[in-house]
1. Considering only the chain, what is the antiparallel percent among its DSSP beta bridges, to the nearest 5?
2. Taking amide H positions as placed in the peptide plane 1.01 Å from N, state which residues far from M298 in sequence (5 or more) or on other chains have amide H under 5 Å from it.
3. Note the direction-averaged projected area, equal to a quarter of the hull surface, for the Cα convex hull of the range 58-145, in nm².
4. Of the peptides 227-235, 507-515, how do they stack up when ordered by the mean number of other Cβ atoms within 10 Å, highest first?
5. Work from the charge dipole of the range 58-145 (Cβ charges, +1 for Lys and Arg, -1 for Asp and Glu, about the Cα centre) and give the residue of H106, H117, A91 farthest towards its positive end.
6. Using a cut-off of 14 Å between beta-carbons, work out the net charge of the residues near I429 (Lys and Arg +1, Asp and Glu -1, I429 not included).
7. What dipole magnitude, in Debye to the nearest 20, does the chain give about its Cα centre under +1 on Lys/Arg Cβ and -1 on Asp/Glu Cβ?
8. Which length gain, in nm to one decimal place, applies between Q433 and E24 when the Cα-Cα distance is subtracted from 0.36 nm times their residue separation?
Amino acid sequence: MNNTAPNPESRSYEKELSKLSPFEVKSILISLAEKDTQRSTATFLLNAGRGNPNWLLSRPRSAFFLLGMFAVSEAARKTYDAGLGILASPAQAGVAERYLAFIDAHKDNEGAAVLRHYYDYMVETHRVDPDDFVFEMVDGILGDHYPTPPRALKYTEIITRDYLRWAMGGGDDTTVYDLFPTEGSTAGMCYTFNSLRQNFLLNEGDKLALFTPCFTPYIEIPHLQQFGYDVVEISANKVEKNGYHQWQYPDEELDKLRDPAIKAVCITNPSNPPSVCLDSKVLDRLVDIVKNDNPGLMIITDDVYGTFIEGFRSLMYVLPYNTLCLYSYSKYFGATGWRVAAMALRSDKNVFDDRIAALPADKKKALHDRYESLTLEPEKLKFIDRLVADSRLVGLNHTAGLSCPQQIQMALFSAVGYLHYKELQPKLISMIQKRLNDLWSTTGFTLLPDPDRAGYYSEIDLMVWARKFYGDDFVEYLKANYEPIDPVIRLANNTAIVLLNGDGFDAPEWSVRVSLANLNDDAYLKIGTAIREILDQYHDAYLASKK
C-alpha cells in the first residue's frame with residue numbers, strides 16, 4: 001500500500017493502516033514524525049516504539065574482546081605465513097596456564113576480572129578440566145570449527161544453565177535442562193512451531209491457546225497456511241479493579257485450558273506489551289488445570305523480561321514437565337544485535353518426548369524415516385535434538401547450532417549475569433522503574449503499585465482514562481468519530497513521538513505501547529505530556545461538537 005497520504009489522520013487511511021502489523025505501522029509513523037521535525041518546532045524524534053534498550057553491559061563485551069586477543073595469540077604460536085596472517089588452529093596443551101598469565105598481564109582491562117572470575121568459578125565449582133574449558137573458549141571465539149556438539153558447546157551449556165536457574169527463579173531446584181542456543185528467541189519460536197508440526201505434536205486444525213496481549217508475531221505465525229491452527233485466546237484485557245487494568249488472567253479465561261483438545265499454549269511472561277508477570281494466583285490455577293484436566297498440555301513460554309522483576313518465577317520451574325522455555329539475552333544485556341538466546345527443556349522427562357513416544361505406529365514410522373540418518377535409534381532422539389536437526393532440514397544437522405563466537409559471548413553474558421546478579425539486577429530494575437514513573441507522572445493518570453510489573457513497556461489504555469476523566473458520553477463520541485489507531489498517528493504527525501498501537505498485540509483497541517528501554521529519562525516526561533494532550537484535544541473536539 002502507499003505509505004503516504006495527503007491527510008494521515010483521515011479515517012479511511014487509518015482503517016487501512018490498522019490491517020498492518022504494528023511493527024510495519026512503525027515505519028510509517030517514523031516517516032510522519034520525521035516530517036513533523038522539519039515543519040514544526042519539534043527538534044528531534046522520540047521513538048518509543050521498539051524495545052531496543054539504550055544501555056549495554058561493557059564487562060562481558062570487554063571480556064569477549066580480550067579473550068579474542070588471547071585466542072589469536074594462541075593461534076599465532078604456530079604460523080603458516082606470518083606476513084599474511086595465516087595461522088594454525090590453536091593447540092589445547094597448556095592453554096590454561098598461558099590464559100592465566102595473559103589475564104595477569106592485562107589486569108587493568110575490566111574484561112580480565114571477568115575472565116578470571118569465570119575461570120575460577122568453573123574450575124572450583126564445576127571441577128572442569130582447565131585446559132579443556134579454556135580451549136573451548138579459545139577455539140569457540142576464533143570460530144574456526146563447527147559448533148560441537150551442534151546443540152550447545154559443553155561449558156557454555158553449564159554456565160548458561162546456572163544463569164537461567166537464577167534468572168528464571170529456580171533457586172535451589174536441581175532439575176537439569178537441556179539447552180539449545182539460538183539466534184534470538186524469535187528464531188527459537190520459529191524452530192518450535194516447525195518441529196511441533198514435523199513431529200505430529202501439533203497438526204493443522206489443532207487447538208493452540210495464546211495468552212494475550214502478546215508479541216505480535218506469536219499472533220500471526222499460527223495462522224500461516226503452513227500451520228493453520230485453531231487459536232484460542234486467553235485474554236488479560238479485562239478491566240478488573242476500580243476501573244483499572246491489572247493485566248492478569250481471570251479464572252474464566254484460564255479455565256479454557258481445561259479442554260484437553262487444546263494441545264499447546266504460548267505464553268509471554270512477563271507479558272508484552274503490558275510487561276506484567278503471571279501472579280501466584282494465576283500460577284496456582286495453571287498448576288491445577290494441568291494436573292487435573294490437561295496433563296498433556298505443551299507450554300511454550302517466552303520469558304525475556306523476567307530478569308526485570310526481582311523474584312520472578314518461570315513456568316519452567318512451576319510446571320517443569322510441561323514447559324519449553326525461551327530466554328533471550330537481548331534486553332537485559334543490551335544485546336539485540338548479538339541475536340543470542342537459549343531454549344530450555346527438562347532433560348530426563350518432559351511432555352514433548354512423551355507425546356512423541358505415544359504417537360501411533362504410522363507416525364512413528366514416518367519419524368523413523370525422517371531422522372534415521374542421524375542415529376541408529378531414531379525413536380530415542382529427544383525433542384530438543386529434533387529441534388536442532390529440523391532447524392537445518394535434518395540433512396544438515398552436522399552443521400547446525402548457533403555460531404561458536406555467539407555462544408562464547410552468551411557464556412560471558414551468563415557468567416556476568418549470574419556471578420554479579422546482586423549488583424546488576426537492582427540497578428537495571430531501578431533504571432526502568434524511574435522511566436516508568438516519569439512517563440506516568442506527566443499524564444495525570446494513576447499508576448497503581450504492582451510487584452508483578454516489569455515495566456519494560458507500559459501499556460496505556462486511553463479508554464480507561466477517557467471514561468474516568470470525561471465520562472461515558474465522551475467514550476461513545478471517541479468510538480463514533482475516530483479510529484483506535486488515531487492516537488499514535490496524531491502523536492507522530494503532530495509531536496514527532498512514535499509509539500505502537502496496542503490492538504496490534506491483541507491489547508485493548510485504544511491502548512498505546514511505550515517502550516521504557518530505548519530513550520533517556522527526560523524523554524518520558526515529554527511523552528507522558530503528549531499522551532495527555534492528545535486525550536484533552538479529543539475532549540475539546542467533543543465539547544465543540546456539543547455546541
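Any read-out appearing in this document is the output of simple, stated calculations on the displayed coordinates, not a laboratory observation. As the structure is a prediction and not an experimental result, all values here were calculated from the model. Cβ placement follows ideal geometry from the backbone for every residue including glycine, while neighbour counts extend to all protein chains displayed.
1. 50
2. A264, V265
3. Directional mean of the projected Cα hull area for the range 58-145 stands at 5.9 nm².
4. Averaged packing, sorted descending, gives the order 507-515, 227-235.
5. H106
6. Residues near I429 contribute +2 overall.
7. Dipole magnitude for the chain comes out near 460 debye.
8. Working it through step by step, the gained length comes to 144.4 nm.
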